[in-house]
Number of protein chains: 2
Amino acid sequence: MQALPGFRDYFPEECARRNYVTSVWRDVARRYGFVEYDAPILESLDLYAKKNSGGEILSQLFQFTDKGGREVALRPEMTPSLARMIAARERHYRKPMKWFCVAPFFRYEKQQKGRLREFWQFNADIVGEIGVAADAELIAMAIDILRALGLGSGDVVVRLSNRHAWLDFLRQKTGSEEGATEFLAVIDKLEREAPEETEKKLAAYGCTLEEVRAFIASGGGEAFSSLLDSLEARGMRAFVEVDLTIVRGLAYYSGNVFEVFDRSRKMRALAGGGRYDNLLSQLSGGAVDLPAVGFGMGDVVLGNFIETNAQAKQRMEEEIARAGGIDLFIVVADASHGGHATMLLQRLRDEGWRVDMPAGEMKVGKQFQMAEMLGARYAIVIGSEWPTLKVKTLALRQEEAVSQEDLVGWLQRAWTDADPLNK
Amino acid sequence: MQALPGFRDYFPEECARRNYVTSVWRDVARRYGFVEYDAPILESLDLYAKKNSGGEILSQLFQFTDKGGREVALRPEMTPSLARMIAARERHYRKPMKWFCVAPFFRYEKQQKGRLREFWQFNADIVGEIGVAADAELIAMAIDILRALGLGSGDVVVRLSNRHAWLDFLRQKTGSEEGATEFLAVIDKLEREAPEETEKKLAAYGCTLEEVRAFIASGGGEAFSSLLDSLEARGMRAFVEVDLTIVRGLAYYSGNVFEVFDRSRKMRALAGGGRYDNLLSQLSGGAVDLPAVGFGMGDVVLGNFIETNAQAKQRMEEEIARAGGIDLFIVVADASHGGHATMLLQRLRDEGWRVDMPAGEMKVGKQFQMAEMLGARYAIVIGSEWPTLKVKTLALRQEEAVSQEDLVGWLQRAWTDADPLNK
């Protein structure tokens, strides 16, 4: 018996890595003043069918009929649920709303590197703010998440583009925005398709590949200056490159769009997002009409990238070691003091320590092995000297006699001396 | 458009309540030396069909055929996934394994109070330890979770029973354990069924209702003494009552079983669990044979109970207020200093503070309102006096001039003075 293909068992080592990434997501989001929300994992199929997010997501739905005859689907993305929630209660919240979630999503994808069928994703959105400051805030947050993971501007790059820039270009060429979706699809494929093929498609819009390439080389002129100034003031300019070849796959984007990549371009995008000023109105049938900007960052490509980056991997391992394991282990050297050991166990846990002791009788040597295996810093030996205990600092192999009344104070002092950041 | 019946949207207020409960679960579990794991939300249907956990769960599955023709189901409980994971890798882990998870589960239940179709549950298991110390450790952890939530022995009770005790009773009456499952079902219904009906059913086992009641009144004699001694040493005896009417619905329990209830018995069980020494062998087709004990605690009944208990509710609200919101808000009194404000914003966030500022131009009075609404403790006013700032302690309406270089130091001192536990 195994997990389904594309699904993961999280043994404690793997769960610790997931928790490390999700806690970085949450910590940085809170520093940025975002609040967490969530929605159901199962939703009405209608919620996705209504949306113009494109055929790919719809073709990848885990969908079925529930016991009550409802057509339902495991959520493939968050935005439709977010739109529903905002339509229901937006009046309760002052704008701009800065909301994030950390949650699992499901897509029936072909098995390939960087793609799983169940993945965790960080989603962050600013709703109700039309100004470019909101775009800057989100891009800065994506960068600060990557920095918190130990990645620098030599490791990752934010490629910034703007749908309006391309629509302006199209209007200049054809006099209208007709066929914009198909035109953007041509731009999207520019790097992957044969030039002759692209040339042929562009002809339909009265322009040449050379003109398109010249426009890309122009870098969008002043269009990004306010956004780039904000990122400059934050010390993040080195992370960002204007790259008009980015248009994003989803149909609903309406302004700035961006994708984050590893510098070596060996992997799929680490994150992506942009403005979607018309989507909430469209999804809510006009019930709300609020500008919005957001991005998503999944755990699969990011996790693969951390494993290949020495600094990020080391930081992850240090943080997991720091956050995991226990603080104290009680070694019962004399089984007749088992009751005292249990009392002590409870007292130390009540004080907030992470403590364990053997569940049954066990040789003292084995107990010390267990203490080390569990990551304890101190072993507290309880035996015939009770109410005096021996406290052993495991890393230093130092031992000291401490009375049971003094134990909590002794531990607090020793812990703080060892590392003021410990508690 | 609404969430499906039995599913919840978690607006920020509701998400904060869920995060409060799940963080108490995680904190207490770590104090007890448990490590976190997780498994896929979607599993092979076989995983549940094989299990003898009873027809009720099977009849409540969200099951369907995926795009690859696999029969799959949303997980209704964790134990089958845990058994699969343990069978795959148990040799990697020293026994006893103390594992917990915090995860969503799905059951297509009739809508009723305390029952939803998507719920979050804490599951904790000790695998590989046959001794009753493991049972005590789990019951203690359940109690410590309730205490951490602000509930005392006047609010909740652990009702403790033992399947072996009933099997011994049955063997005394009939000379064998034949029909044990049906017999236990009679005991399970004792409090809900008409006495004449019970009397009739018991006759098949050669015993009377009077004998059964006398056995219940005996309280199991010495059977629980070691478990109760351990809970006594932990100062938790007042939370526990032996109650042999508890047998638990699931077929696989094999020893001690327990359920946690509110004292007024107005609600369904808050938690329940017990020993299942044969289940892992059975589920893994004999691949592993390890004793185990575990329990689950869901968020629905628990959440309802917290709302009705003044002390628990107050503690939750205080903790949510403490954990939520931002620390600092930057008031931009002079828009020409927007760049400085952005620099300052980044510097303060880099120092670990939760900081926000207006996304666009806004009247100063509105900015102060926003600062208070977001829960900021200090407003930092940046204007024509730059590089001197005004820092306003919002609760006290006190204002002080601070130079921008001194700001971080000033804030650290002020914050620590206000409450040494803040940072």
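Numbers for the structure displayed
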item: Lysines with Cα under 18 Å of B:Lys67, excluding same-chain neighbours fewer than 8 positions away; result: A:Lys110
item: Neighbourhood net charge (11 Å Cβ-Cβ; Lys/Arg +1, Asp/Glu -1) for B:Gly272; result: +2
item: Proximal lysines relative to B:Lys173, as straight alpha-carbon distance under 19 Å, when same-chain residues fewer than 8 apart are discounted; result: B:Lys200, B:Lys201
item: Distribution of pairwise C-alpha distances over the protein assembly as shown, 10 Å bins, in %; result: 2, 11, 19, 23, 19, 13, 7, 3, 1, 0
item: Residue among B:Asn309, B:Asn123, B:Asn256 with the largest mean-square fluctuation in a Gaussian network model of chain B, springs linking Cα atoms under 10 Å; result: B:Asn309
item: Inter-copy separations for B:Glu405, label at 7 Å along Cα-Cβ, nm, ascending; result: 5.3
item: Shielding score for B:371-381, defined as the mean number of other chain Cβ atoms within 10 Å; result: 1
item: Calculated FRET efficiency for the pair A:Arg91/A:Glu361, C-beta based, R₀ 56 Å, to 0.05; result: 0.30
item: Nm distances between copies for B:Gly68, ranked from closest, using label points 7 Å along Cα→Cβ; result: 3.1
item: Lys/Arg +1, Asp/Glu -1 at C-beta; segment A:1-72 dipole; positive extreme among A:Leu58, A:Tyr48, A:Thr22; result: A:Thr22
item: Amide proton proximity set for B:Gly272, modelled H, under 5 Å, gap of 5+; result: B:Val260, B:Gly296
item: Anchor A:Lys363: lysines whose Cα lies under 30 Å away (excluding residues fewer than 8 positions away in-chain); result: A:Lys390, A:Lys392, B:Lys95, B:Lys98
item: Dimensions in Å of segment A:97-178 - Rg and Dmax from alpha carbons; result: 17.4, 47
item: Of A:Val331, A:Val72, A:Val132, the one that fluctuates the most in a GNM where chain A has Cα springs shorter than 10 Å; result: A:Val331
item: Axis proximity, chain A to B: residue whose C-beta lies nearest, plus whole-Å distance; result: A:Phe64, 2
item: Cα gyration tensor category, rounded, prolate or oblate, for chain B with a/c compared to 1.5; result: prolate
item: GNM flexibility winner over chain A from A:Asp168, A:Asp334, A:Asp243 (Cα, springs under 10 Å); result: A:Asp334
item: Mean ellipticity per residue at 222 nm, deg cm²/dmol - from DSSP H runs of n ≥ 4 across chain B, formula -39500 (n - 2.57); result: -12000 deg cm²/dmol
item: Number of partner chain Cβ atoms within 10 Å, mean per residue of A:349-359; result: 5
item: Computed magnitude of the charge dipole of segment A:12-319 (debye, nearest 20; Cβ of K, R +1, Cβ of D, E -1); result: 540
item: Amide H contacts of B:Val35 (H built 1.01 Å from N, under 5 Å, at least 5 apart or other chain); result: B:Lys98, B:Trp99, B:Phe100
item: Summed residue charge, Cβ within 13 Å of B:Arg70's Cβ, Lys/Arg positive, Asp/Glu negative; result: -2
item: Residue-averaged beta-carbon neighbours from other chains (10 angstrom radius) around B:227-239; result: 3
item: Three-way shape label, segment B:1-149, alpha-carbon gyration tensor, a/c 1.5; result: oblate
item: Unit charges on C-beta of K, R, D, E only; dipole of the protein assembly as shown, Debye; result: 520
item: Gyration tensor verdict on segment A:327-418 (Cα atoms; rounded if a/c is under 1.5, prolate if a/b is larger than b/c, oblate otherwise); result: rounded
item: Other copies of A:Glu351: label-to-label distances in nm, shortest first, labels 7 Å along the beta-carbon direction; result: 3.3
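Every read-out reported here was derived from the displayed coordinates using simple, explicitly stated rules and does not represent laboratory data. In this text, all values refer to a predicted model and were calculated from it rather than measured experimentally. So basically every Cβ, Gly included, is an ideal-geometry build from the backbone, and we count neighbours across all protein chains shown.
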